[in-house]
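The values are calculated or read from the model by the stated rules, or taken from the named source; none is laboratory data. Keep in mind that this is a model prediction, so the values were computed, not measured. FYI the Cβ positions are ideal-geometry reconstructions off the backbone, even for glycines, and counts take in every protein chain you see. Note: areas computed on protein heavy atoms with side chains; ligands, DNA, RNA excluded. Shrake-Rupley method; radii C 1.70, N 1.55, O 1.52, S 1.80 Å.
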Amino acid sequence: MVLLICVGTPLLGAFLLPALGHWSEKARRWGSLLMVLTALVCAAIATVDLLHGQADAVRLQLPLGLSMGLRMDALAAFMALTACTVSAVIVVYSFGYMKTYTHLNEYYLMITFFIGAMLGLVMSTSLLQMYIFWEFSSFCCWRLIGFYRDDLSVKRADKAFMVTVLGALAMLVGFTGIYGATGTFDLDALQGSQIPGWSTGLILVGILSKSATFPLHNWLPDAGVAPSPVTSLLHAAVLVKIGVFAYARLFVLTFSIDPVITVIVPVIAAVSALVSAGCAMMATDIKRVVAYSTISQLAFILLGLSSGSRIGFAGGLLYILAHSMAKAGLFLCCGIVEHNLHTKDMTKMGGLARTMPKTAVAFAFCALSVMGIPPFSGYFAKYLVISGEVDAGHPVIAAVFILGAVMTIMYLVRLFAKVFLGPCRNPESREGNGQMVGSVLTLAVLSLLLGLLIFLPSGLITLAMEAM
Amino acid sequence: MNLVIVLLIIGLLMIVAGCWCLMRTFHLLKMTIGIEVAMKAVTLFLVLAGRISGKIALSETFVITVMVAEVIVAVVGTGTAVGLFRKYGSMDVRNLKQLKG
Amino acid sequence: MTILSICAHGFIYGPILVVLIYNLFNHEFARKHFFWFAGTGAVWQILAAIGGFTALNQNGQTSYAFGAFWDIRLAGAAFFELNATRFLLLLIVGLVALISVLVAHQTVDFNRSSYTNLLMILVLGMNGMLLVTDLFSLYVFLEVTGLCCFIMIAMFRSRADLEGSFKYLILSELSGIFILTAIAFLMMKTGSLRYADLAGLGQRISAGSGQLEDLLVYAALILLISGFAIKTGVVPFHSWLPDAYQSADTAVSILLSGAVNKVAGVYGLMIVMQLFGDVAPVGPSLAAVGIISIIIGALLAVRQPQYKRVVAYSSVSQMGYILLALSTGTTLGLVAALAHILSHTAFKSTLFTNAAALQEQTGTLELKDLGGLENQMPVTAFTSIIAFLSTAGIPPTAGFWSKILIILALWQAGSPVLAGVALVAGILSSAYLIRLQRTVFFGQTRPELAKVREVRGSVLTAEVLLTVITLGLGLLYPYILLLLHAGGIL
Amino acid sequence: MNVIVYLGAGLMLLFGVYAVMEHSILRAAIGLALSSASLSVLLYVLGAHLAALFELSVCSGLVTVIFIAGISLSHSPKMEIQKEYRDKERNRLLPLVLIGVGLLLVILALTLNLQTPELAQLTQDDDVRDVLWGNRQADIWGQIALILCGGVAVAVLFREERREKK
C-alpha cells in the first residue's frame, strides 16, 4: 500500500497540476513539491520496514507470464531515496528559476510525472514494467529538453528521444529474448537464470543509451539546451542513473551472466570515461563541461557495478548517491550563473566568486565531491569503485580510471577557476534568489555530510551486497 | 486439352487483356471497360465452376449477383470519369497529377 | 425476440431503416439534421454490438446464427453468424462511424444527405462482410463497401477527390477480379463456398496430386491473398492508399482508415487464414507482406510533405503489424491482431481527427505551412501526442500492449527474428511521428498562425473520446488480459 | 455443342481484345457489348440459361447504355484533346502478349498433363430461383445494398455541379 502511494502520488497526481495551475500558480508549485515529498516519505517508510526485515510488495499476476508489481528491496530503496531527495531539492530550486517562463503547467507535470516513473521503475518486479517506466522517462525527457521550443531545443529533444527510444527498443528485444528462453517477464521467476548472449548485448545497448555511455553518449551534452533544473534532474541526478540501475538490477542481482561481461563493460566504461573527460577539458560551454563530466562519472558508476566484486558494487551504489547530490548541485549552480549572465560561455565569465559568493561555495563543495576529495562523499565512492576493480583482478582498468579521476580534477578546477576566480568580468551579476541559492547550498552540505556520516547508508548497502 | 482447359485459358487471356487495359491505356472510360472485360472472364469461370462441380444453379445465382455489381461499378466508374472530364476537359489519365508524395 | 436477436437483426436492418427514414424528409430538413440521423445509426450499431455481446456471453454461447427475413432452419439456407471476434469488429465499425459523423458535422458541407445515405450503406456493407458465412456473400458485401467508398471520396468533386477515387476504384476492382477468380477456382474444387465447407480444404488437396483443381486452389489462395492485400493497402499493393486518404474529406478518411481497410482487407485475410491457414504458404506469405510493409511504409512516411499522407503511410506500416500477427495462425496471434486493430482504430482516427481540426482552423495540411500550434490548439496537440505514443508503441497506451501481444505471438509461433525486426521498426514509427510533432505542434509558433484557435464542438469531442479510449485501453489492458485468461482464451 | 462453345469463347476473347485495342471509345463500348453477347451464347450452351438471359440484357445492354451515356456526357468541343492519347496508346503489343501468354499456358497445360475434370451432367433438380431465394438470401440482401448504392451513385456523380468544395 505504501508503495502504491509512493509511486501513484506523483505519477497520477501530476495530471492534477495543470488544473491546480489554472487555479493558482502557488498551488501548482506546492502541489508538485508536496507530491514529491509524499513519495519521499513513503519511500522512507518502506525503507524502514525493509531494514526491519519486512519487505513491502504489491503484485498482480497476469497470463502469458506477464506480471506487474512493486517491490521494495535494498537497491530500490537506495535509488528511491536518492531520487526523491534530489528531486525535492530541485523542485524547490525551480520555484525560483522557472518563474518567468510559459508552459509551466507542462514543466511541473512532467517533472512530477518523471519522479513517479522513476520510482515505478526502481521498484518494478517485471521486465516489461521496467520497460514501461523506462519509456515514460524518455517521454518526459523529450518534452522537457524541448521546453524552450526554439528549433535547436526541439531538434535536440528529438535526438535525445530517438536515441533513448532506440536503446529501449533494443532492450525490449533483449527482454523478449529472455521471455522466449524462459516464458516469463517476472524478475523473481527469472532469479539466477541464464540468458542468451545476444539478449545481454541488446539490453546493454539500452543501458548504454540511457546512461549516455560511449558510444551512445552524444545526446546528453546536447540536452543542455533545456532549463537548468531539468538538466540537473534528468541529465545529472536521476534519469541517467536509470541505465546503471538497470545494470545493477538485471545483471548483478537477477541474472547470472557470462563472466566476459565483467570485462567488456568496464572496458567500455573506461573508454567512455576518458573520451568524455577529454571532451570536458575542451568544452567552453559550462553546461557542456558538466554534462561531459556526468558521462565520465557515469562510467565510474558502471565500472563499480560491473566489476563483479562486492566492494565495487557497494562503491557503485554509493557513487550513485554521491554523484546525484553533487552533480545536481553543479548543474543548479550553472543554472544560477546562466540565469544571471544569460550566457553559457565560460570565456565570457570570471571572478564571479565576488558577486555570488554563496553559489561559488556551493559549486566548490559539489565539485570537490565529484573530484573525490576527502572528506566529501565522492571520495569514498571513488575509492571503493577503484579498489573494487583492483579486487576483481583488473588493475589496468583501475589505473585507467585513476587517470580519469585526475582528469576530472583538472577540468573541474579549470571550470571553477575560469568562472569564479580571477578578475571580475561581470560586475553587474548578482546572487540568485533565495530558493535557488538555498537549494544549491543544501545539496553542497548534503554532499559534505554524507561524506562525514558515511555509515548512514551503509545498512542499505550491506543489504544490497547480501542480495548479490 | 479438353474443353475445360481451353475455356480456362481463354478466360485467363481475357483477364490479361483487362489488366493490360488498366495499366497501359490512358483513357478513363477505357479503363472502366477494361474492368468489364476482365469481369466477363470471371463470369465464365463461375459458370464453368458450376458445371464442373455440378452446381450450375448455384453458380447462376452467383453470376446474376456479379452482374448487378458489375453494372454499379460501371456506373461509378463512368460517373467519376465524367466528373474528371468536367474538371479537365479531357479523359486522359495522365492529367491526374494532383496527389503526390 | 430476445435481446440477442434484436441486436443481431439490428446490424442488418438498422442502416437500411435509417436510409429509408432519412429519405422521407424533405431535402433542406434532411441536410440540416443529418447529424442526428447518421449519429443514431452509428450509436445504434455501438449499442447493438455491446448489448449483443453481453447477451451472447450471458447465454453462454460462442456463436449465434440468424437470418434477416428468412428461416435459417430451411435446408441449405444462408445464414448470418455472430461471434466474439465479429462483435468486436462490429463495435469498431460503429465507433468509427460515430467519429466520422462527429467530424463530418463540421467538415462536410454541401452534400450532407449523400454523406448520410452512403455512410449507412457503407455500414451495412461492412456489417454484411462481418456477418456472412459464405465466401461469395463476402465478396458481394465487399463490393458494396468498396463502391460506397469510391462514391464518398468522389462526391466532394475537387480534382484531387475524383483522382483519388478513380485510382482507388481501379485497384479495388482489380482486387475484386482477383477475389472473384479465386472464388470460381475454389468452387471448382468444392462446389460450395460456405466457410464450413471450405475449412479443412488443406487436407483435401496436395500440390503433387496432378489434378487441375488442386493446382487451381493454390492459385486461388495467391489471388485471394493479393486481392485482400490490395484492399488492406499493404506494400506492394499500397499505391492507392495515400492518394485516397489524402484526397478524401477527413470524415471519409477516418472511415477508410479506421474501418474499411480493416473490415474489407484485414478481415478478409483473417478469413483466409482461418480457412486455409493449414495450407503451407499462406502464413509465411502474410508474414512476408507484413514485414515488408512495416518497414517500407514507415520509411515512405518519413518523407511525405502532407499531414494526411504521413498518416496514410503510417497506416500502411501498421497494417503490416496486423498481418504479421495474423500470419502466426495461433489464438494469441488472432487476439493480438484484434487488439492491434482496436488500438489502430483509436489512434489512427485520432490522428485523422486532428487533421480535420487543423484543416478547419488553419485551412492547410501542408507540413511546411504549419508549426508550433500547441499553444493555440492545446487539446489537439495533447491528443495527437497520445496518438503518436500509441502508434509508436510507447506505454501506457493501447498501441503498446497490442504491439507487445503481437511480439509475444510471433515469439510463441517460433519466429523471433520477425519479432525483433517488428519491434525495432517501431523506431521508424517514432521517426515519422516525431517529425510530424515537430513540424506541427512542438516548436515555435509561426507568426501567421498566431491567431489560430482551438477547434470546438464535435471535432473536439471526437478527439477527446478517442484519446480516452486509447489511454483507457492502455491502462485497462492488464485487466483485459485477466478477463481473457479467465475466459480461457489466453 | 462443343463447336459452339469454342466459337463463343473465341468470339468473346476477340471482341474483348477489340474493345481494349480500339481507339474510339464508342466502338470499344460496342466491342464490349458484342463480347458480352458472345458470352451469353456461351453461357446458354453451358446450361446457365437464366444467367445467359441476364448477361444479354444487363451486361450487353445496360452497361453499354451506361458507357454511351458517359461518352455523350464527355463529348465536348475539346474532342481534339483526346487525339493526343490516340497516337500514344501502346496497344499494338497486346495481341503479341496474349499469343505469348496463351502459348505459355497451352504448353504448361500439355507438359503438366494434369488430370482435368469433365463437365458434369446437367441436372434439372434445382431451379435457379429456388437456389437464389432458398439458399442465397444473404446475396439478395447484398444486392439490395448494391442497388441502393447505385442509386446514390447516379444521384451524386452525374449531377451537374452547383457547388464545390472550397
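Structural remarks
- Helices (runs of 4 or more DSSP H) contained in the stretch C:166-264 and holding at least 1 residues in contact (Cβ under 8 Å) with a residue 60 or more places away in the chain and within 10 Å of another protein chain (Cβ to nearest Cβ): C:240-247
- Output for the stretch C:461-472, where each listed residue is more than 14 Å from every other protein chain (Cβ to nearest Cβ), open to solvent by 30 Å² or more (accessible area, probe 1.4 Å) and under 15 Å from residue C:387 (Cβ atoms): C:464, C:465, C:469
- Evaluation of residue D:82 against (1) assigned to a helix (DSSP H, G or I); (2) at the interface with chain B (Cβ under 7 Å from one of its Cβ atoms); (3) open to solvent by 50 Å² or more (accessible area, probe 1.4 Å); (4) at pLDDT below 90 (one fails), failing number: (3)
- Looking across C:416, C:447, C:395, one residue alone is at pLDDT below 90, under 30 Å from residue A:182 (Cα atoms) and open to solvent by 10 Å² or more (accessible area, probe 1.4 Å). It is C:416.
- Residues located in the stretch A:390-405, provided they are open to solvent by less than 70 Å² (accessible area, probe 1.4 Å), of a type outside the set (Gly, Ala, Ser) and over 13 Å from residue A:304 (Cβ atoms): A:400
- Residue within the stretch A:188-201 that is assigned to a helix (DSSP H, G or I), within 10 Å of chain C (Cβ to nearest Cβ) and touching a helix residue (DSSP H, G or I) at 6+ places or on another chain (Cβ under 9 Å) present: yes
- Residue B:32 part of a helix (DSSP H, G or I), more than 7 Å from chain D (Cβ to nearest Cβ), β-branched (Val, Ile, Thr) and in contact with a helix residue (DSSP H, G or I) (Cβ under 6 Å, 6 or more places away or on another chain): yes
Here is a yes/no grid of residues against (1) outside the structural domain of residue A:172 (by TED's automatic domain parsing); (2) within 30 Å of residue A:349 (Cα to Cα); (3) touching a residue at least 12 places away in the same chain (Cβ under 8 Å):
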{"residue": "A:199", "(1), (2), (3)": "no, no, yes"}
{"residue": "A:238", "(1), (2), (3)": "no, yes, yes"}
{"residue": "A:252", "(1), (2), (3)": "no, no, yes"}
{"residue": "A:265", "(1), (2), (3)": "yes, no, yes"}
{"residue": "A:288", "(1), (2), (3)": "yes, yes, yes"}
{"residue": "A:296", "(1), (2), (3)": "yes, yes, yes"}
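- The listed residue being open to solvent by 10 Å² or more (accessible area, probe 1.4 Å) and aromatic (Phe, Trp, Tyr), out of B:45, B:26: B:26
- Filter result (open to solvent by less than 10 Å² (accessible area, probe 1.4 Å) and out of contact with any Gly (no Cβ under 8 Å at 6 or more places or on another chain)) within the stretch C:186-203: C:186, C:188, C:193, C:198, C:201
- Some residue of the stretch C:408-419 being out of contact with any helix residue (DSSP H, G or I) (no Cβ under 8 Å at 6 or more places or on another chain) and under 30 Å from residue C:283 (Cα atoms): yes
- For the stretch C:345-373, the set of residues classified as surrounded by 24 or more Cβ atoms within 10 Å (Cβ to Cβ), part of a helix (DSSP H, G or I) and either among the aromatic types (Phe, Trp, Tyr) or over 26 Å from the mean Cα position of the chain (by Cα) (or both) consists of C:347, C:352, listed by residue number.
- Selected residue [surrounded by fewer than 23 Cβ atoms within 10 Å (Cβ to Cβ) and more than 7 Å from every other protein chain (Cβ to nearest Cβ)] from C:88, C:135, C:82, C:95: C:88
- Complete set of residues in the stretch A:177-207 that are open to solvent by 30 Å² or more (accessible area, probe 1.4 Å), in contact with a strand residue (DSSP E or B) (Cβ under 9 Å, 6 or more places away or on another chain) and either within 30 Å of residue A:223 (Cα to Cα) or of a type in the set (A, V, I, L, M, F, W, C) (or both): A:181, A:189
- Residue identified as at the interface with chain D (Cβ under 7 Å from one of its Cβ atoms), under 16 Å from residue D:44 (Cα atoms) and β-branched (Val, Ile, Thr) among B:80, B:25, B:43, B:65: B:43
- Total residues in the stretch A:324-377, condition among the β-branched types (Val, Ile, Thr) and within 17 Å of residue A:297 (Cα to Cα): 2
- Matching residues in the stretch C:104-116 - criterion: being surrounded by 20 or more Cβ atoms within 10 Å (Cβ to Cβ) and in a loop (DSSP other than H, G, I, E, B): C:108, C:111
- Boolean, residue A:272 is touching a Leu at 6+ places or on another chain (Cβ under 9 Å) and either assigned by TED's automatic domain parsing to the domain that holds residue A:116 or farther than 22 Å from residue A:464 by Cβ (or both): yes
- Selected residue (only one of C:322, C:295 is within 21 Å of residue C:401 (Cβ to Cβ) and either in contact (Cβ under 8 Å) with a residue 40 or more places away in the chain or not aliphatic (A, V, I, L, M) (or both)): C:322
- Matching entry among C:407, C:427 (being open to solvent by 10 Å² or more (accessible area, probe 1.4 Å), at the interface with chain A (Cβ under 7 Å from one of its Cβ atoms) and assigned to a helix (DSSP H, G or I)): C:427
- Failed item, numbered, when residue C:77 is tested on (1) open to solvent by 10 Å² or more (accessible area, probe 1.4 Å); (2) modelled with pLDDT under 90: (1)
- Exclusive hit being in a helix (DSSP H, G or I), modelled with pLDDT of 85 or more and under 15 Å from residue A:327 (Cβ atoms), set A:301, A:264: A:301
- The stretch D:41-65 residues that are under 17 Å from residue D:119 (Cβ atoms), paired with ones that are of a type in the set (Lys, Arg) (beta carbon under 9 Å, 6 or more apart): D:46/B:51; D:47/B:51; D:48/B:51
- You will find that of C:445, C:439, the residue that is touching a residue at least 12 places away in the same chain (Cβ under 8 Å), among the polar types (S, T, N, Q) and either outside any helix (DSSP H, G or I) or at the interface with another protein chain (Cβ under 8 Å from one of its Cβ atoms) (or both) is C:445 and no other.
- Residues that are of a type in the set (Phe, Trp, Tyr), under 17 Å from the mean Cα position of the chain (by Cα) and buried (at least 24 other Cβ atoms within 10 Å of the Cβ) do not occur anywhere in the stretch A:357-367.
- Test for residue A:210: is it under 25 Å from residue A:290 (Cβ atoms) and open to solvent by 20 Å² or more (accessible area, probe 1.4 Å): no
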